[in-house]
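Worksheet: one structure, shown below.
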Amino acid sequence: DSGVTQTPKHLITATGQRVTLRCSPRSGDLSVYWYQQSLDQGLQFLIQYYNGEERAKGNILERFSAQQFPDLHSELNLSSLELGDSALYFCASSARPGVGNSPLHFGNGTRLTVT
Amino acid sequence: AQTVTQSQPEMSVQEAETVTLSCTYDTSESDYYLFWYKQPPSRQMILVIRQEAYKQQNATENRFSVNFQKAAKSFSLKISDSQLGDAAMYFCAYRSANSGNTPLVFGKGTRLSVIA
């Protein structure tokens, strides 16, 4: 168990809809990362937050947005969904204060299916 | 921008044998970290091994070891005494050390099959 919790595990929705994916990082981790993994593909970095502030942006569409709250949990909002948005969305966390550069610990992902 | 290349989309190995998965990367940085992650059919991302670029000694974790060639920008993973449970997708990943807690850049992965 990585300690990173993602909800929901599965999500099925229709094109044009909006969904919210939730992530609770490992206790003490300040940084949250969102990745998208399409079928049989590698992981594409979307966005990173550190202690509530956006730190880095990857290939995130304008229809997608995210935020990190004061309790350090994060939400990824996907709107105007298209069939091509169907993917596995991972959240990962890292960066406990006082610990050097640590690896990312991943949640189990949210499987999004857009029909 | 950094890129990671895994040139072997699929590999197979006999149980108890040894297999090596290849990874190359492109960077102009001198300080960075390299990782191998395993993704079994459950789709979890599991850290297998990591290497700090400033360390010359290759990292080992039980049956898993790496061959890190900094000048060649190569980072291969060797799995010894392969087990059925090693069957999975394996992803090589790069992380810059320059600005702290940066995202990982992943390769496209190598699917490893283990034959009984």
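The values are calculated or read from the model by the stated rules, or taken from the named source; none is laboratory data. Owing to the predicted nature of the structure, the values given are computational and were not obtained by experimental measurement. For neighbour counting, all protein chains shown are included, and Cβ atoms are generated from backbone atoms with ideal geometry for every residue, glycine included.
Quick rundown of the values:
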read-out: Among the candidates A:Leu39, A:Leu43, A:Leu11, residue that is surrounded by 20 or more Cβ atoms within 10 Å (Cβ to Cβ), touching a strand residue (DSSP E or B) at 6+ places or on another chain (Cβ under 8 Å) and hydrophobic (A, V, I, L, M, F, W, C); value: A:Leu43
read-out: Top-ranked residue of segment A:25-47 - restricted to ones that are hydroxyl-bearing (Ser, Thr, Tyr) and more than 10 Å from the chain's Cα centre (by Cα), ranked as nearest to the other protein chains (Cβ to nearest Cβ); value: A:Ser31
read-out: Residues of segment B:2-47 that turn out to be facing chain A (nearest Cβ under 10 Å) and either assigned to a loop (DSSP other than H, G, I, E, B) or hydrophobic (A, V, I, L, M, F, W, C) (or both), as a count; value: 11
read-out: Some residue of segment B:82-91 being surrounded by 16 or more Cβ atoms within 10 Å (Cβ to Cβ), among the polar types (S, T, N, Q) and free of Cβ contacts under 8 Å to residues at least 60 places away in the same chain; value: no
read-out: Any hit, segment B:94-116, residues being in a strand (DSSP E or B), in contact (Cβ under 8 Å) with a residue 60 or more places away in the chain, of a type in the set (Val, Ile, Thr) and farther than 24 Å from A:Tyr35 by Cα; value: yes
read-out: Single residue of segment B:1-52 satisfying the filter (aliphatic (A, V, I, L, M) and farther than 16 Å from B:Phe91 by Cβ) that is surrounded by the fewest Cβ atoms within 10 Å (Cβ to Cβ); value: B:Ala1
read-out: Odd one out for B:Asn62 among (1) on the phi > 0 side of the Ramachandran plot; (2) at pLDDT below 95; (3) exposed (fewer than 12 other Cβ atoms within 10 Å of the Cβ); value: (2)
read-out: Lone qualifier among A:Tyr49, A:Tyr33 - being of a type in the set (Ser, Thr, Tyr) and within 23 Å of B:Gly109 (Cβ to Cβ); value: A:Tyr33
read-out: Residue that is farthest from B:Pro41 (Cα to Cα), among those in segment B:65-107 that are modelled with pLDDT under 95 and of a type in the set (Ser, Thr, Tyr); value: B:Ser99
read-out: Residues (under 24 Å from B:Cys92 (Cβ atoms), at pLDDT below 95 and of a type in the set (S, T, N, Q)) located in segment A:1-43; value: A:Ser2, A:Ser31, A:Ser38, A:Gln41
read-out: Check on A:Ser93, of a type outside the set (A, V, I, L, M), under 27 Å from B:Leu34 (Cα atoms) and assigned to a strand (DSSP E or B); value: yes
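Every residue, every condition in (1) within 23 Å of A:Ser2 (Cα to Cα); (2) of a type in the set (D, E, K, R); (3) within 12 Å of another protein chain (Cβ to nearest Cβ), yes or no:
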residue: B:Gln51; (1), (2), (3): yes, no, yes
residue: B:Phe68; (1), (2), (3): no, no, no
residue: B:Ser76; (1), (2), (3): no, no, no
residue: B:Leu84; (1), (2), (3): yes, no, no
residue: B:Ala88; (1), (2), (3): yes, no, no
residue: B:Gly109; (1), (2), (3): yes, no, yes
